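The structure appears right after this line, and notes come after that.
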Amino acid sequence: FYQAYCDFNTGNYTLANSHFKKFAEVFSRSEYAEEAIYMSAFSLYKDSPNYNLDQTGTLSAINEIQSYLNNYPDTKFKEECSNIIRELRKKLERKAYEKARLYYKTSPFNIATLKSSVIEITNFQRDFPDSDYNEEMAYLKVLSQFELANSTIEMKQKERYTDASKFYLELVDKYPNSNYLKLAEKMYTKSIEEVARITKLEDEYKAAVEKEKAKTSKLATSPQ
């Protein structure tokens with residue numbers, strides 16, 4: 001137990017985690033067992049990397065701390081554990097936010113990255129529904145989808161402009177006073193116009209095809 005604390009206090013959190021965990025397993029009936037389980041999880045928290053690095057360690061820390069709370073719901077560390085989980089989730093939130101923005105910033109006219117941007121923003125909105133970043137994310141989703149529609153072949157434009165319009169309405173519905181609305185409204189108007197234009201072309205093409213079919217049918221049934 002003291003060895004584990006020595007590792008912890010010298011900043012060797014990975015080894016401290018292993019030693020605290022091993023202590024709790026070997027001496028499960030010890031009066032120090034609960035504290036060892038908590039310190040095992042706390043060591044992972046201390047070892048959690050900055051948000052811009054791989055967050056596997058952060059996820060492990062959250063899982064271990066939550067597991068500790070589940071097993072010891074009345075622990076004296078309850079409030080501290082809850083605060084730690086919130087802090088670690090904020091780190092994951094920032095990581096996801098920066099990742100979503102990066103896809104757009106990398107190449108705003110690249111179809112692959114624009115698709116990825118929309119996907120990552122959607123994932124962010126699902127995973128962090130209460131985030132302070134969501135207003136910006138909602139606008140960036142409209143922008144990414146609009147530029148995706150604008151950059152793609154015409155055959156796929158109607159569907160993608162329609163989605164851009166839908167994302168704009170989601171932005172307005174959730175953030176009616178957003179500072180992004182004026183910028184987004186221009187893209188919404190353009191999207192509606194493009195959908196109408198493409199729909200008109202489709203209708204004209206269908207009419208021409210039907211007319212040609214009728215003409216061919218008439219010729220086929222005419223007496224020779």
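The values are calculated or read from the model by the stated rules, or taken from the named source; none is laboratory data. Everything quoted here is computed from the prediction, not taken from an experiment. Here the Cβ positions follow ideal geometry from the backbone for every residue, glycine too, while neighbour counts run over all protein chains shown. Just so you know, the surface numbers come from the protein's heavy atoms only, side chains and all, with ligands and any DNA or RNA stripped out. Shrake-Rupley method; radii C 1.70, N 1.55, O 1.52, S 1.80 Å.
Dipole magnitude of segment 108-208 about its Cα centre, charges +1 at Lys/Arg Cβ and -1 at Asp/Glu Cβ only, in debye to the nearest 20? The partial results should precede the final answer.
Details: 14 positive and 18 negative charges, 61 e Å.
Value, rounded to 20: 300 debye.
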Placing +1 on each Lys and Arg Cβ and -1 on each Asp and Glu Cβ in segment 79-181, then taking the dipole about the Cα centre, the residue among TYR103, SER131, THR152 whose Cα reaches farthest towards the positive end is THR152
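Arrange the peptides 32-38, 199-205, 48-54 so that the one whose residues have, on average, the most other Cβ atoms within 10 Å appears first. Don't skip to the end; give the middle numbers.
Working: 32-38: 19.0, 199-205: 10.6, 48-54: 13.3.
Highest-to-lowest ranking by the protection proxy: 32-38, 48-54, 199-205.
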Restricting to Cα pairs under 8 Å and 6 or more apart, the percent relative contact order of segment 1-115 works out to 17
Longest principal axis of the chain (C-alpha) makes with the long axis of helix 134-151 (C-alpha) an angle, in degrees to the nearest 10, of 40
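Longer than 32 Å from Cα to Cα, which of LYS22/LYS78; LYS99/LYS190; LYS115/LYS211; LYS186/LYS215 are they? Say none if no pair is. Walk me through the numbers before you get to the answer.
Working: LYS22/LYS78 22 Å; LYS99/LYS190 28 Å; LYS115/LYS211 38 Å; LYS186/LYS215 44 Å.
Beyond 32 Å between Cα atoms: LYS115/LYS211; LYS186/LYS215.
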Expressed per residue, the solvent accessible area of the chain in Å² (1.4 Å probe) is about 63
Toy charge model, Lys and Arg Cβ at +1, Asp and Glu Cβ at -1: segment 137-188 dipole around Cα centroid in debye, rounded to 20, equals 40
From DSSP H assignment alone, runs of 4+ in the chain each adding -39500 (n - 2.57), the sum over residues rounded to the nearest 500 puts [θ] at 222 nm at -27500 deg cm²/dmol
Square roots of five times the C-alpha gyration tensor eigenvalues of segment 150-215, ordered largest first and given in whole Å, equal 33, 10, 8
Toy charge model, Lys and Arg Cβ at +1, Asp and Glu Cβ at -1: the chain dipole around Cα centroid in debye, rounded to 20, equals 980
With the dipole of the chain defined by +1 on each Lys or Arg Cβ and -1 on each Asp or Glu Cβ, the option from THR113, VAL209, TYR32 whose Cα lies farthest towards the positive pole is VAL209
In whole percents, the bins of 10 Å from zero upward hold the Cα-Cα pairs of the chain as 8, 22, 19, 15, 14, 11, 5, 3, 2, 1, 0
Quick shape check on segment 90-202: root eigenvalues a ≥ b ≥ c of the Cα gyration tensor, a/c under 1.5 is rounded, otherwise prolate if a/b tops b/c, else oblate, and it reads oblate
Simple SL model, points at 7 angstrom along Cα→Cβ for ILE119 and ILE153; separation in nm is 2.0
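Contact order normalised by length for segment 80-224, with contacts defined as Cα pairs under 8 Å and 6 or more residues apart; what percent is it?
Numbers: 124 pairs, mean separation 25.5, N = 145.
In percent, rounded to a whole number, it is 18.
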If one compares the long axis through the Cα atoms of helix 111-127 with the longest principal axis of the Cα atoms of the chain, the angle in degrees, nearest 10, works out at 50
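Using the eigenvalues of the Cα gyration tensor, what equivalent ellipsoid semi-axes result for segment 20-135 when each is taken as the square root of five times the eigenvalue, whole Å, largest first? Walk me through the intermediate numbers first.
Details: eigenvalues 273, 38, 19 Å².
Each semi-axis is the square root of five times an eigenvalue, giving 37, 14, 10 Å.
Ignoring ligands, DNA and RNA, what percent of the accessible area of segment 132-213 is carbon or sulfur (1.4 Å)? Could the numbers behind the result be given before it?
Numbers: 2740 of 5150 Å².
The nonpolar share, carbon plus sulfur, comes to 53 percent.
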Among TYR188, ILE198, PHE42, the residue whose Cα sits farthest towards the positive end of the charge dipole of the chain, when +1 is placed on the Cβ of each Lys and Arg and -1 on the Cβ of each Asp and Glu, is ILE198
Whole-Hz Karplus couplings 3J(HN,Hα) for segment 185-194, θ = phi - 60° and coefficients 6.51, -1.76, 1.60, Gly and Pro as x, run 4, 4, 5, 4, 4, 5, 5, 4, 4, 5
The helix 33-46 Cα axis meets the longest alpha-carbon principal axis of the chain at an angle in degrees, between 0 and 90 and rounded to 10, of 50
The correct ranking of LEU148, LEU102 by accessible area at 1.4 Å, largest first, is LEU102, LEU148
